[in-house]
Amino acid sequence: MYRCVACDRRYEETAAAPWRCECGHPLDFDRDPLPRDGPPETVDRDRGLWAFDSFLPVERRVTLREGWTPLVDAPEWDCSFKLEYCFPTGSFKDRGAATTLSHALALGVDHVVEDSSGNAGAAIATYAARAGIDAEIYVPADTPSGKVRPIERAGATVRRIEGDRQAVTDACIDAVEAGDGWYASHAYQPAFFAGTATFAFELCTQREEAGNWIAPDAVVTPLGHGTLFLGAYRGFRALEAAGWIDDLPRLYGVQAAGVAPIADQRGSDTAVDVNTAADGIQITDPPRGDQILDAIEATGGDAIAVDAEQTDATLDRLHAAGFYTEPTCAVAPAGLELLRERGEVGADESVVVPLTGSGLKK
């Protein structure tokens, strides 16, 4: 079953089920699978993120062996980077695409639609191709060819839409409502967040000591729709509920200044100019904004915003240090420095920052 946490309505899991609740809120799975035993002595990494299937509400049906991205030291930032750009399509969105298309196959879906400025579209198109499902991806008309090309090469149909990012979403939703396909949305589809939760499972496994899985003190992620931020929160929360970790890490989301609705609600965005460097997270009204704010409160974290100058400077530093990322993911390490300046993250605390997208996509 799907459940709306806002009004407690429930819906059967079918291909014809609504993509959001009647009240307008996104839906979630009405089940929270947890393993009965403690952490295993060994984890089969050859199964990719599906090594954690005891936590997952969907069964593996589509895979490219995604997962187990490297966790490496980043001494210049005094933290660890988890290289989420080491995925088949070059971004962490493959986590959600694998579980979303697996769920679509289980429901008998034969055509999916998605709206995306790039990475999510490439991931959905690629995993749809792997699943043998037709895909249509709605993108802004001015999306760079480097981000559209992987979508087209995967055999998906690209729909270029004039107007702002919201116009793209509206056009896609119109198509869904007209019956043109199943909405494989990285903002709404609960299966997508089940996939991004595996970030937390992997991370705590990689930090294992003497058989104990250990969460860091803090995790700092880019924040737009919240697909990684919320997925990580749900993953850490599941591990805590299972008794596999003792405490939740504080979660910090870093937004693009000038288009930072969560940071604004937290009183952290006073920018006048828009951070145009971080176009991948310029989301004015994230559908799961209430859940993002709840996760911040539950973990004692925060949401902040960084500007284009900070983003560009950090991107240059990342590239010079051997981390070939796209501009948007540079907001997270830039945000970490700001959090340290504010005293919100201590010098002696363990911190992990995901680098979410490859610089090969331009």
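The values are calculated or read from the model by the stated rules, or taken from the named source; none is laboratory data. Keep in mind the model is a prediction, meaning the values are calculated, not measured. Quick reminder, even Gly has a Cβ in these numbers, built from the backbone with ideal geometry, and neighbours come from all protein chains shown. The protein model used for the area step is the full one, side chains on, heavy atoms only, and it has no ligands, DNA or RNA in it. Shrake-Rupley method; radii C 1.70, N 1.55, O 1.52, S 1.80 Å.
Descriptive notes on the structure:
- Coil-residue GluC sites (Glu not before Pro) of region 100-197, DSSP, other Cβ within 10 Å capped at 14: E162
- Region 275-351-region 203-271 distance, computed between alpha-carbon centres (Å): 11
- Heavy atoms of E66: accessible area, 1.4 Å probe, square angstrom to 10: 0
- Sorted largest first, the spans of the alpha carbon positions of the chain along the three principal axes are 53, 51, 39 Å.
- Entry comment: accessible area of region 212-266 is 28 Å² per residue, from protein heavy atoms only and a probe of 1.4 Å.
- Length-normalised contact order of region 244-360 in % [C-alpha pairs under 8 Å, at least 6 apart]: 27
- Test item: Cα-centred dipole of the chain, Lys/Arg +1 and Asp/Glu -1 on Cβ, debye: 940
- Proportion of all alpha-carbon pairs of region 137-267 beyond 23 Å (%): 50
- With all projection directions averaged, the alpha carbon convex hull of region 276-362 covers 6.6 nm².
- Rounded percent of accessible protein surface that carbon and sulfur make up, the chain, 1.4 Å probe: 42
- Nearest-10 value in Å² for the accessible area of L107, using the 1.4 Å probe: 40
- Gap separating the Cα centres of region 150-182 and region 73-115, nearest whole Å: 19
- Theoretical ellipticity at 222 nm over the chain - DSSP helices of four or more residues, -39500 (n - 2.57) apiece, nearest 500: -10000 deg cm²/dmol
- Percent antiparallel among DSSP beta bridges (both partners in the chain, rounded to 5): 30
- In the context of the full protein assembly, S80 retains an accessible surface of approximately 20 Å², using a probe radius of 1.4 Å and ignoring ligands and nucleic acids.
- For I245, nonlocal amide neighbours, meaning residues 5 or more places apart or on other chains whose placed amide H falls under 5 Å from its own, are E240.
- Relative contact order (%) - the chain, alpha-carbon pairs under 8 angstrom, separation at least six: 16
- Within region 41-199, percent of DSSP bridges classed antiparallel, to nearest 5: 25
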